[in-house]
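Right, one structure below, let's go through it.
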Amino acid sequence: MMQFLGNIEAKIDAKARIFVPAAFRKILQSSSNNILILRKDLFQHCLVLYPLEVWEEEVAKLRSRLNRWDREQQALFRQFVVDAERLEIDANGRILIPKRYCQMVGILSDARFLGVDNTIEIWAKDALEKTLIPADDFSSHIQALMNNCSQNE
């Protein structure tokens, strides 16, 4: 199973190319995966890179929960997939992010790659801090969550 971990700063060039961090490229190469699917996150102001196999699993999971013959559910599915873009890592380890995606999340030149389980998030450099839970609240939430989990086991 692919698992990305890290918080790595990067610069995007004038043509909107950016190096995928070496640690993440290594994981992708070990699974012969140089195709990534890019879409804006559903909940946060960032971009998400899905390795192709992870994307295919997510799309299949979504499709299995939706009725193809329901107009609203078909519209949800269409919007989820139409907002995605297929990217390929070039020989130099870069991807070309379409400018509209950079504009969606405010990435001008400095970006931050976050490894989040089996996906990679790309944030405008200073945007992430605004979304983080204060340390004391975070530890309290984790404690409550884990206590609830252990009581249910």
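The values are calculated or read from the model by the stated rules, or taken from the named source; none is laboratory data. Values in this document were obtained by computation on a predicted structure and should not be read as measured data. Neighbour counts run over all protein chains shown; Cβ positions are idealised from the backbone, glycine included.
Note on the stretch 56-121: enclosed strands (runs of 3 or more DSSP E) holding 1 or more residues that are farther than 16 Å from Leu38 by Cα and touching a strand residue (DSSP E or B) at 6+ places or on another chain (Cβ under 7 Å) are 110-117.
Scanning the stretch 28-57 for residues that are surrounded by fewer than 16 Cβ atoms within 10 Å (Cβ to Cβ), in contact with a helix residue (DSSP H, G or I) (Cβ under 9 Å, 6 or more places away or on another chain) and more than 21 Å from Asp110 (Cα to Cα) yields Ser31, Ile35, Leu42.
Leu42 fulfils the conditions (1) without any contact (Cβ under 8 Å) to a residue 24 or more places away in the chain; (2) part of a helix (DSSP H, G or I) except for a single criterion, (2). Only one entry of Arg86, Arg68, Arg94, Arg112 meets the criterion of being touching a residue at least 12 places away in the same chain (Cβ under 8 Å) and loosely packed, with under 15 Cβ neighbours inside 10 Å, and that entry is Arg86. Looking only at residues that are among the aliphatic types (A, V, I, L, M) and assigned to a helix (DSSP H, G or I) in the stretch 122-153, which one is modelled with the lowest pLDDT? Here the residue is Leu128.
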